[in-house]
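The values are calculated or read from the model by the stated rules, or taken from the named source; none is laboratory data. Remember, it's a predicted structure, so these values are computed and weren't measured experimentally. We place every Cβ from the backbone using ideal geometry, glycine too, and count neighbours over all the protein chains shown.
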């Protein structure tokens, strides 16, 4: 494969060892003594979740707790929407906001920028605006660090939302599997901070990390949450009163809960469901689905082919709303540069010249990019 960098096996091996250490291992572990995925019972998964959210027992559970605290705080809005303000126009707004706007923002912000650095902002103000385009849900840290692990170990033991583990394995993953290891060395913690440093998130020193068990500081996380909610409730109130505000917060809660199901369905519910001519990456179970693709630009198998690409909808029918937002910002000057692998994809997989299944080289190249950035 001419033009590809030569990868040092030692460095790649060191990176994978770090990936194995970066997340907080659940009490039931990732794999058994034979290396097979441990699939806990539903009761065990919920028991683990309640243990991870016990901040009285351990203050370092705060990151797990805040994720579900946000959901609990949204419940009154949902109840008011259903019992007091429900109407067909507001139901339409609910569907639009939860299924398209929230979903597309998740792809734009958490997925393509925070995790994969697929584009760069000209100024932090554009980053801050993009971060807060919608009602705030989960902290960036929960998504970003674990998603690097997901790409390194897709559908293998250690994948934090392994679809082979079942529906509840994925639904409870943000609490049970996606928080960072709390006993990292200073060297490993600094590598973990590197995953987050471009996001603008307020980060702990190593000494603070030992106290709080997280990269993000509690003060930054809580203040951003409160400020974001205050702004959006006020904005929606002036646009449509309490009815619209409650509807939008209810919609955000709906997306916040059910986005976890995508980790399950987006990898074939743990089964091989690739379609020839649509899903070219056969190293993992990821598939291209019509609804997530059209509604949020989440053409997932394409994304696994080229994780750092700012565009994932490579074929004519694969509309990519997230890419449209990034492209517009670039035309306006708010985004200075981006990665786009569409031409490479079309040349390699749709030209009729090179149609074989993907090798591991693309993933190794992605690892090399990270290593060159001193991870």
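Quick look at the values:
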read-out	value
Every residue from the stretch 37-57 that is exposed (fewer than 15 other Cβ atoms within 10 Å of the Cβ) and without any contact (Cβ under 8 Å) to a residue 12 or more places away in the chain	41, 43, 50, 54, 56, 57
Selection within the stretch 174-214 - farther than 20 Å from residue 151 by Cα, in contact (Cβ under 8 Å) with a residue 40 or more places away in the chain and in a loop (DSSP other than H, G, I, E, B)	182, 184, 200, 201, 213, 214
Which numbered condition residue 245 misses (of (1) farther than 17 Å from residue 70 by Cβ; (2) crowded, with 22+ Cβ neighbours inside 10 Å; (3) at pLDDT 95 or above)	(1)
Breaking point among (1) over 29 Å from residue 39 (Cα atoms); (2) surrounded by fewer than 19 Cβ atoms within 10 Å (Cβ to Cβ), for residue 282	(1)
Filter pass, residue 105 being under 25 Å from residue 232 (Cα atoms), surrounded by fewer than 17 Cβ atoms within 10 Å (Cβ to Cβ) and at pLDDT 95 or above	no
Entirely in the stretch 223-338, the helices (runs of 4 or more DSSP H) that have 1 or more residues that are over 26 Å from residue 89 (Cβ atoms) and touching a strand residue (DSSP E or B) at 6+ places or on another chain (Cβ under 9 Å)	321-332
Qualifying residue in the stretch 337-347 (condition: within 21 Å of residue 105 (Cβ to Cβ) and surrounded by 21 or more Cβ atoms within 10 Å (Cβ to Cβ))	no
Near pairs, Cβ below 6 angstrom, 6+ apart or cross-chain, from the stretch 221-241 (farther than 19 Å from residue 127 by Cα) to any residue that is part of a helix (DSSP H, G or I) and modelled with pLDDT of 95 or more	233/245; 236/244; 236/245; 236/248; 237/245
Residues that are surrounded by 12 or more Cβ atoms within 10 Å (Cβ to Cβ) and farther than 22 Å from residue 61 by Cβ, drawn from the stretch 187-196	190, 191, 194
